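Student: Would you mind keeping the following structure in view while I ask a few things?
Computed from the coordinates by the stated procedures, all read-outs in this text should not be read as laboratory data. Computed from a predicted structure; not experimentally measured. Counting neighbours? That spans all protein chains shown, and the Cβs are built from the backbone with ideal geometry, glycine included.
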Amino acid sequence: MPDQAVPSLEDVVKTTQELAAGRGAPAALDYIQTQFAKLGQDPRLLPLMAQLNSSLGNRAEALSIWNRLLPYAPADMRVLTSRQMAKRALHLQKQGIDAGFYPTVEDVSRDVKAACADGDFGYALWALSDVAYRLVKSLPMSRAAPGNDPQLDALCVETGALFAGHAKIAPIDPDPAAPIVYLATAIHEFGGHTRVLLDYIRRQPERKHVLLLTGLGIGMAMPAVQSLLDKELKGIDFSWHRNNQIRHDQTLLWLLQNLQTLRPETVFLFNHPYDPIIPAATALLGNTKTYFNHHSDACFSLGATLVVTGHIDQTPMVHHLLCRHRPETNPLYIPMTVGDTAMREASAFLAEGPVRTAACGSPAKFTDRSYAYRYADILPQMMAETGGEHIHIGALPAEVVAQIHGNLDRRSIPRERFRHMPHVESLSAALHDLKVDLYVASFPTSGGKALIEAMATGIPVLYHVNYQSRFACVADMVYPGAFRWSDLESLTAALRSANRETLARHAKLSRAYFETHHSEQAASAAFTGQTPTGVAPPVLGDYRPDTTQQLLDQIRLAPPAQGRS
């Protein structure tokens, strides 16, 4: 009989998937291996072969296949990540660990050090990044809790030192004439982290500044970012460079080579919490003045215990925490600020009758489904109480807008009273020009930078006391006596008390607090010459968690259980 025709690649993939579903992975693997030879070892079949081997516990073979595929797809992030995950799975199997992930930091350390000994620095850095990313995402933003681990930070630095030796890159010899250098993972058109970095640059307009971005595959809206930089840093000698490598070891090499060229005397670290590249690079910065800037999202972060010149924070609550638990890191409080802005006239409140409210923040600050009080549910209740408009500044997912509209319809509130403005050039200017009477801090997770812009404009503030974490609310950053709510009853009471006289009084308190703690003059006092030295932070506000509500959340979110018998 003549040989059967060789099936097409698409037919092989389809038949393999059908066999896996019907007769199991062993039959599917036997079939695809035979067809792989018939198709001239087409590399497009390798991912499916690797996945089948993984499902059968053949982890060494799966890793071998991914390694074989890498040269065919050197710029494919999915292939690279699959290879790294296969290597970790093999390591865990050899260690007799069935959990699928590292049980302890010591297990992470063993894997990372073994990879460095083998010269696989890309995997070592990826493993550190993946661990940190999972730690960051293990809690929703509404349960913010600053986290750090000296052992993981030490692993980053050790990996950086070993890699530098492997790449024959010497420690940085600082040049006093060099530009000030900023190391960050990514910057964005919106967000407080980017704005704080820009504040640092604007504070020294006579100096040259260079920003190096590791990227780590994070998307950036390049035209919008460039437009922001052109506008905010006009007239300043500033340049920025973004890494375009996908492998972590190549990214570290790119960063170290740039640092060698620049030879900075002063470096500010603005890495994302799960970026190990920047902490690793500090292995060569022993002779520089290096400052780690703590991310205001108050989550776990790589680098938070690095032995550097100083650790800077812009929030009083995290600064107090550092002073209490990590005094050896030289904690420095440098307040956030905004430029000059028009102030809301006290006599202008309620000019159009009902209270006009506004909120601002990234979608993640409003959309935590695990939290009892949801923006889409609470907002229509607020609007029913005030009888006025609400303006949301910042992008909201379409489904959240639809939920808000639906809840407004159920209360017979015209949809036109809810105004969604995805973007404004300046929040403080928008709040002033829109004649906002009351700024509603985002919840369940508040944003510090937006709050400060509201106070700069002299606008009264209503904030939510997050019952899970003081780090997720602005109780420690807002003027004493601000409107606050913790439940629906206190929300109603706060809104009913917002008359013209009370709003005018709060406006003065709001602006006075900004001038004392967040004006350009207050921020400049945190520097001696060009050196960050910090200032005393505001006294912590009144905050108490609600453990009963926390337990109710756990019960509500837990799988259904049998009732009491």
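Student: Just to confirm a number: summing +1 for Lys and Arg and -1 for Asp and Glu over residues other than ALA372 whose beta-carbon lies under 11 angstrom from that of ALA372, what do you get?
Tutor: Details: positive: ARG369, ARG374, ARG556; negative: ASP368, ASP377, ASP487, ASP546, ASP553.
The answer is -2.
Student: Cα axis of helix 105-117 to longest principal axis of the chain: angle in degrees, 0 to 90, nearest 10?
Tutor: 50
Student: Against the longest alpha carbon principal axis of the chain, how many degrees, from 0 to 90 and to the nearest 10, is the axis of helix 222-232 turned?
Tutor: For helix 222-232, the angle is close to 40 degrees.
Student: Would you work out which of PRO205, GLY310, THR251 lies farthest towards the positive end of the dipole of segment 150-333, given +1 charges on the beta-carbon of Lys and Arg and -1 on that of Asp and Glu, about the Cα centre?
Tutor: Of the listed residues, the answer is PRO205.
Student: If you don't mind, there's one more thing I want to ask. Counting only other residues whose beta carbon sits under 12 Å from that of ALA20, what net charge do I get with K and R as +1, D and E as -1?
Tutor: Details: positive: LYS14, ARG23; negative: GLU18, ASP30.
Combined, the nearby Lys, Arg, Asp and Glu give 0.
Student: Let me ask you something else. Excluding LEU56 itself, calculate the net charge of residues whose Cβ lies under 14 Å from the Cβ of LEU56, where each Lys or Arg counts +1 and each Asp or Glu counts -1. Each step should come with its number before you reach the end.
Tutor: Values: positive: ARG23, ARG59; negative: ASP30, GLU61.
Overall, the nearby charge balance is 0.
Student: Name the residue from GLN550, VAL436, ALA475 whose Cα lies farthest towards the positive end of the charge dipole of the chain, charges +1 on Cβ of Lys and Arg and -1 on Cβ of Asp and Glu.
Tutor: Result: GLN550, furthest along the dipole toward the positive end.
Student: Another question, then. Pull out the extension gain between THR34 and VAL6, defined as 0.36 nm times the separation in residues minus the alpha carbon to alpha carbon distance; nm, one decimal. Write down the numbers at each step before the final one.
Tutor: Numbers: separation 28, 0.36 × 28 = 10.08 nm, distance 1.09 nm.
That works out to 9.0 nm of additional length.
Student: Read through the labelled values (i) 95, 67, 50; (ii) 86, 58, 40; (iii) 72, 63, 50 and report the label of the one computed as Cα extents along the principal axes in Å from the structure.
Tutor: (i)
Student: Express as a percent, rounded to the nearest 5, the fraction of DSSP beta bridges in the chain (both residues included) that run antiparallel.
Tutor: Working: 2 of 42 bridges.
Within the chain, antiparallel bridges account for around 5 percent of the total.
Student: Would you mind checking LYS38/LYS87; LYS87/LYS168; LYS208/LYS231; LYS435/LYS508 for any pair whose Cα atoms are more than 23 angstrom apart?
Tutor: Working: LYS38/LYS87 29 Å; LYS87/LYS168 26 Å; LYS208/LYS231 17 Å; LYS435/LYS508 16 Å.
Long pairs (Cα-Cα over 23 Å): LYS38/LYS87; LYS87/LYS168.
Student: Counting pairs of alpha carbon atoms under 8 Å apart in space and at least six apart in sequence, what relative contact order in percent does segment 1-100 give? It would help to have the intermediate numbers written out before the result.
Tutor: Numbers: 81 pairs, mean separation 18.5, N = 100.
RCO, segment 1-100: 19 percent.
Student: Assign one of three labels to segment 150-333, namely rounded, prolate or oblate, based on the Cα gyration tensor with a ≥ b ≥ c the square roots of its eigenvalues; rounded applies when a/c is under 1.5, prolate when it is not and a/b is larger than b/c, and oblate otherwise. Mind dumping the intermediate values first?
Tutor: Details: a/c = 1.33, a/b = 1.06, b/c = 1.26.
Taking the square roots of the gyration eigenvalues as a ≥ b ≥ c, segment 150-333 is rounded.
Student: With the contact rule set at Cα under 8 Å and sequence spacing of 6 or more, what percent relative contact order holds for the chain? Mind showing how you got there, number by number?
Tutor: Working: 961 pairs, mean separation 68.6, N = 565.
Relative CO of the chain lands at 12 percent.
Student: Could you tell me the calculated FRET efficiency between ARG505 and THR533, based on Cβ-Cβ distance and R0 = 30 angstrom, to the nearest 0.05? Can you show the working numbers first?
Tutor: Numbers: r = 35 Å, r/R0 = 1.17.
So the FRET efficiency works out to roughly 0.30.
Student: Between SER138 and ARG44, what's the calculated FRET efficiency when r is the beta-carbon distance and R0 is 41 Å? Round to 0.05. Before the final figure, lay out the partial values.
Tutor: Details: r = 36 Å, r/R0 = 0.87.
It comes out at approximately 0.70.
Student: What dipole magnitude, in Debye to the nearest 20, does the chain give about its Cα centre under +1 on Lys/Arg Cβ and -1 on Asp/Glu Cβ?
Tutor: On the way: 52 positive and 55 negative charges, 101 e Å.
Here the size comes out at about 480 debye.
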